[in-house]
Structure formats: C-alpha cells, structure tokens
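Undergrad: Have a look at the structure that comes next, please.
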Amino acid sequence: MQLTSFTDYGLRALIYLAALPAGKMTSISEVTDTYGVSRNHMVKIINHLSRAGYIAAVRGKNGGIRLGRPARDIVIGQVVRTLEPLQLVNCHSDFCHITSACRLKQVLHDAVQSFLRELDQYTLADLVEDNNPLYQILLSERPSLSS
C-alpha cells in the first residue's frame, strides 16, 4: 500500500509543526521550503488539516500556522483516515463485472483495517519527542515540544 503524496506531505507538515518550540507559529512557505513541495499543493493540505482541527491557522500580520491540538492527541491512524481515500480498488459494478461475486474487496478492506489499527498505536508525539536528529534536520536546534 502506498499513501498519496497528499497524505505523505500532510504527515510531514504535522511533524514539522510538532517539532517547533511550544507556541511558535510558522508559515506555509517555511513548510514548503523545508520539504521542497509546491506551495499550491501544501496550501490545499494545510487547509484540509485545518478544517479537521489538526492545524490552527491564524490570519493577519502576526498570523501563521501551528498545531491545532497537542501532538500526543493526534493519532496517526486518524490523520491517515482524514487525508487518504483508502479505497484500494474500484469495485463499482460499472467498472468491474465480477463485483457481486468477488472476495478480493473484503480481503483488501481487512488489510486496510489492519494497517489503520497499527497506525492507531502511534501519536504525532511518538514521532517527534526526543528525536534530536529530526530537530537538527528541521530546525537546527532542539526545541521544547508543542505537545
């Protein structure tokens, strides 16, 4: 299974925000520069994560983005459910003529559920806390976490 780039960069954006010092805001441009992704693509991702409550976006002169809730309250499986379509195959009868007798869709459904259950065991804090190499790469310093 491969996540879409939308989900991949959504998770990366959350990791970046979780690595910031507590209360620090950043800009979408800083996130896009860090990961080398298009600003347009990242704006869509940030907007989606903001609507879901994972990111707080503040408009205006002193605005920016930051985590919308503590990193320990952001479950990776839930983020993936929010961002990822999670439909591995198209089982619509207009597309596949064996849909009514096919057992593959149930097998794939079960596999996706197992995948998500595994991701549900981890929070954003698990990915960033005490991860000095990550802080050095992203921030060139060790911040106090916004978790």
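The values are calculated or read from the model by the stated rules, or taken from the named source; none is laboratory data. Predicted, not measured: the structure shown is a model, and the values here were computed from it. Cβ placement follows ideal geometry from the backbone for every residue including glycine, while neighbour counts extend to all protein chains displayed. Heads up: the accessible areas ignore ligands, DNA and RNA and are worked out on the full protein's heavy atoms, side chains in. Shrake-Rupley method; radii C 1.70, N 1.55, O 1.52, S 1.80 Å.
Undergrad: Report, ordered by the first and then the second residue, all pairs with beta carbons closer than 8 Å, sequence separation of six or more or different chains, a first member in the stretch 36-57 that is touching a residue at least 60 places away in the same chain (Cβ under 8 Å) and more than 12 Å from Tyr9 (Cβ to Cβ), and a second member that is open to solvent by less than 20 Å² (accessible area, probe 1.4 Å) and in a helix (DSSP H, G or I).
TA: Qualifying pairs under 8 Å: none.
Undergrad: If I ask for residues that are assigned to a helix (DSSP H, G or I) and touching a helix residue (DSSP H, G or I) at 6+ places or on another chain (Cβ under 8 Å), which ones from the stretch 127-142 would you list?
TA: Narrowing the stretch 127-142 to residues assigned to a helix (DSSP H, G or I): 127-128, 132-138.
Correct list: Leu127, Val128, Leu134, Tyr135, Leu138.
Undergrad: Glu84 is checked against (1) under 21 Å from Leu3 (Cβ atoms); (2) acidic (Asp, Glu); (3) open to solvent by 40 Å² or more (accessible area, probe 1.4 Å) and fails just one. What number does that condition carry?
TA: (3)
Undergrad: Right, next: Of everything in the stretch 37-81, what is part of a loop (DSSP other than H, G, I, E, B) and surrounded by 15 or more Cβ atoms within 10 Å (Cβ to Cβ)? Give them in sequence order. Outline the logic, then answer.
TA: In the first step, residues of the stretch 37-81 are kept if they are part of a loop (DSSP other than H, G, I, E, B); the result is 37-38, 52-54, 59-63, 68-70, 74.
Matches in the stretch 37-81: Val37, Ala52, Tyr54, Gly68, Pro70, Ile74.
Undergrad: If you don't mind, there's one more thing I want to ask. From the residues in the stretch 1-36 that are among the hydrophobic types (A, V, I, L, M, F, W, C) and more than 19 Å from Val128 (Cβ to Cβ), which one is most open to solvent (accessible area, probe 1.4 Å)?
TA: At the first step, the residues of the stretch 1-36 found to be among the hydrophobic types (A, V, I, L, M, F, W, C) are 1, 3, 6, 11, 13-15, 17-20, 22, 25, 28, 31.
From what is left, the residues that are more than 19 Å from Val128 (Cβ to Cβ) are 1, 6, 28.
Values: Met1: 119, Phe6: 50, Ile28: 32 Å².
Only one residue tops the list, namely Met1.
Undergrad: Quick one: would you say Gln121 is within 26 Å of Tyr135 (Cα to Cα) and surrounded by 14 or more Cβ atoms within 10 Å (Cβ to Cβ)?
TA: Numbers: within 26 Å of Tyr135 (Cα to Cα): yes; surrounded by 14 or more Cβ atoms within 10 Å (Cβ to Cβ): no.
No: the conditions fail for Gln121.
Undergrad: Have a look at Gln78, Gln87 and point out the one that is on the phi < 0 side of the Ramachandran plot and modelled with pLDDT under 95.
TA: On the way: Gln78 fails: modelled with pLDDT under 95.
Answer to the check: Gln87.
Undergrad: Does the stretch 131-140 contain any residue that is within 22 Å of the chain's Cα centre (by Cα), more than 20 Å from Val31 (Cβ to Cβ), modelled with pLDDT of 95 or more and not aromatic (Phe, Trp, Tyr)? Steps first, please.
TA: At the first step, the residues of the stretch 131-140 found to be within 22 Å of the chain's Cα centre (by Cα) are 131-139.
Going one step further and asking which of them are more than 20 Å from Val31 (Cβ to Cβ), we end up with 132.
Then keep just the ones that are modelled with pLDDT of 95 or more; that gives none.
So far as the stretch 131-140 goes, no, none of its residues is within 22 Å of the chain's Cα centre (by Cα), more than 20 Å from Val31 (Cβ to Cβ), modelled with pLDDT of 95 or more and not aromatic (Phe, Trp, Tyr).
Undergrad: Does any residue in the stretch 1-29 that is charged (D, E, K, R) come within less than 6 Å, Cβ to Cβ, of a residue that is open to solvent by 40 Å² or more (accessible area, probe 1.4 Å) six or more places away or on a different chain, and which pairs are these?
TA: Arg12/Tyr35
Undergrad: Tell me, please, whether a residue that is acidic (Asp, Glu) and either assigned to a loop (DSSP other than H, G, I, E, B) or modelled with pLDDT under 85 (or both) can be found in the stretch 96-113. Step through it out loud before you land on a result.
TA: At the first step, the residues of the stretch 96-113 found to be acidic (Asp, Glu) are 110.
Filter once more, so that each one left must be either assigned to a loop (DSSP other than H, G, I, E, B) or modelled with pLDDT under 85 (or both): none.
No, the stretch 96-113 has no match at all.
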